[in-house]
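Colleague: Please read through the structure below; I'll follow up with questions.
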Amino acid sequence: MRYEYVPTTWGDVIGDLTGKEVRFKPTYREVGTRPVRGDIIANGLTILPPRKKLIDYSDPTFPSAVWLLARPEAGVKPIKPSGDREQDIKTTKASLKLGTTLVMDNSCLDPTLYDLEGKGYKLKRFTGSTNLNDIVPALLKHESDMTLLDVPDVMVAMERWSGQVMVIGPISEEQRMGAAFRKDSPELRKAFNTFLAQIKQDGTYMQLVKKYFRAAPRYLPEFFKDLPARP
C-alpha cells in the first residue's frame with residue numbers, strides 16, 4: 001500500500017495524530033484542538049498508561065525499558081546484577097546521585113514516570129532538541145554525566161559510539177512499544193495487528209530485528225523467544 005511519511009516531534013506527535021492539544025502534567029487533560037496530520041504513529045511509541053487515555057495501541061511491536069547510560073570517565077560504575085529487577089533498579093537509581101542526568105519531559109524518559117523527581121537527583125532537562133537521537137551526542141559533549149535512554153536507542157548508541165558510553169543499569173521494568181491509532185480508527189488498528197502477526201509468523205519480523213537491532217534478542221530474550229526466523 002502507499003503511505004506518506006509525516007515528520008513531527010515528540011512534543012507534537014500525539015496531537016498530530018488525534019487533533020487534540022494535550023498536557024500530561026500535573027495530570028492528563030485536553031486543552032484545545034489542532035489539525036490532524038496523520039493516521040498512525042509507527043516509530044516505536046512506548047506503551048504508557050497516561051497515553052492510553054488518548055490513543056489506542058497496536059499489539060506490542062518491540063520490547064523496551066529505560067536504562068541509565070554514562071560516559072566511562074564520569075566516575076559512575078555499572079551495577080552488579082542481583083537477579084532481582086526491583087533491587088537492580090534501586091541500585092541504579094542510587095548512581096544518579098553521582099552526577100547530572102539528562103531527562104526529557106513528555107517522553108519515555110520523563111523522570112516523573114520513574115519516581116525520580118524530588119529525590120535530590122541532579123536532573124537536567126534536555127532542551128537542545130525534541131529528538132531522542134540527539135541525547136547521546138549531547139552526553140558526549142559533556143552536557144551531562146549520564147542520561148536516561150530507552151533500550152532500542154541504547155543498542156544503537158553502543159554500536160555507534162562503542163567505548164564512549166556504558167550502561168549503568170535499569171531505571172524501569174521491561175516495557176513494550178507499539179504503533180498508535182486514534183480511538184475512532186479500530187479497523188485500521190485491526191488491519192495493522194493482522195499485518196504484524198503475519199510478518200512475525202513468516203520470519204520477516206526477526207529478519208528486520210537482526211538487521212537493525214541484532215543485540216535485542218540477547219538483552220531482552222523473553223519477547224523474542226517464540227518468534228521464527230525466516231529460512
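The values are calculated or read from the model by the stated rules, or taken from the named source; none is laboratory data. The structure presented is a predicted model; accordingly, all values stated were derived computationally and were not measured. Positions of Cβ are generated from backbone atoms using ideal geometry, with glycine treated the same way; all protein chains shown enter the neighbour counts.
Colleague: Looking at Lys90, Lys119, Lys124, can you tell me which residue is more than 16 Å from the chain's Cα centre (by Cα), more than 22 Å from Ile47 (Cβ to Cβ) and at pLDDT below 95?
Modeller: Going through Lys90, Lys119, Lys124 in turn, just one is more than 16 Å from the chain's Cα centre (by Cα), more than 22 Å from Ile47 (Cβ to Cβ) and at pLDDT below 95: Lys119.
Colleague: Which residues, counting only those in the stretch 2-37, are in contact with a helix residue (DSSP H, G or I) (Cβ under 6 Å, 6 or more places away or on another chain), in the same structural domain as Phe213 (by TED's automatic domain parsing) and in a loop (DSSP other than H, G, I, E, B)?
Modeller: Phe24, Tyr28, Arg34, Arg37
Colleague: Which of the following residues is touching a strand residue (DSSP E or B) at 6+ places or on another chain (Cβ under 6 Å) and surrounded by 14 or more Cβ atoms within 10 Å (Cβ to Cβ): Ala180, Ala215, Ala157?
Modeller: Ala180
Colleague: Which residue is farthest from Ala229 (Cα to Cα), if the candidates are limited to the stretch 183-199 and must be of a type in the set (Lys, Arg) and either buried (at least 17 other Cβ atoms within 10 Å of the Cβ) or touching a strand residue (DSSP E or B) at 6+ places or on another chain (Cβ under 6 Å) (or both)? I'd like the intermediate steps shown before the answer.
Modeller: At the first step, the residues of the stretch 183-199 found to be of a type in the set (Lys, Arg) are 183, 189-190.
Narrowing further to those that are either buried (at least 17 other Cβ atoms within 10 Å of the Cβ) or touching a strand residue (DSSP E or B) at 6+ places or on another chain (Cβ under 6 Å) (or both): 183, 189.
On the way: Lys183: 33, Arg189: 25 Å.
Result: Lys183.
Colleague: Could you list, in sequence order, the residues of the stretch 38-59 that are in contact with a strand residue (DSSP E or B) (Cβ under 8 Å, 6 or more places away or on another chain), part of a strand (DSSP E or B) and within 22 Å of Asp153 (Cα to Cα)?
Modeller: Within the stretch 38-59, Ile41, Ala42, Gly44, Leu45, Thr46, Tyr57 meet the criteria.
Colleague: Also: Filter the stretch 140-159 down to the residues that are in contact with a helix residue (DSSP H, G or I) (Cβ under 9 Å, 6 or more places away or on another chain), touching a residue at least 60 places away in the same chain (Cβ under 8 Å) and not in a loop (DSSP other than H, G, I, E, B) and list them by number.
Modeller: Met146, Thr147, Leu148, Leu149, Asp150, Val151, Pro152, Val154, Met155, Ala157
Colleague: Out of the residues in the stretch 69-116 meeting the condition of being part of a loop (DSSP other than H, G, I, E, B) and among the charged types (D, E, K, R), tell me which one is surrounded by the fewest Cβ atoms within 10 Å (Cβ to Cβ).
Modeller: Filtering first and then ranking leaves Lys80.
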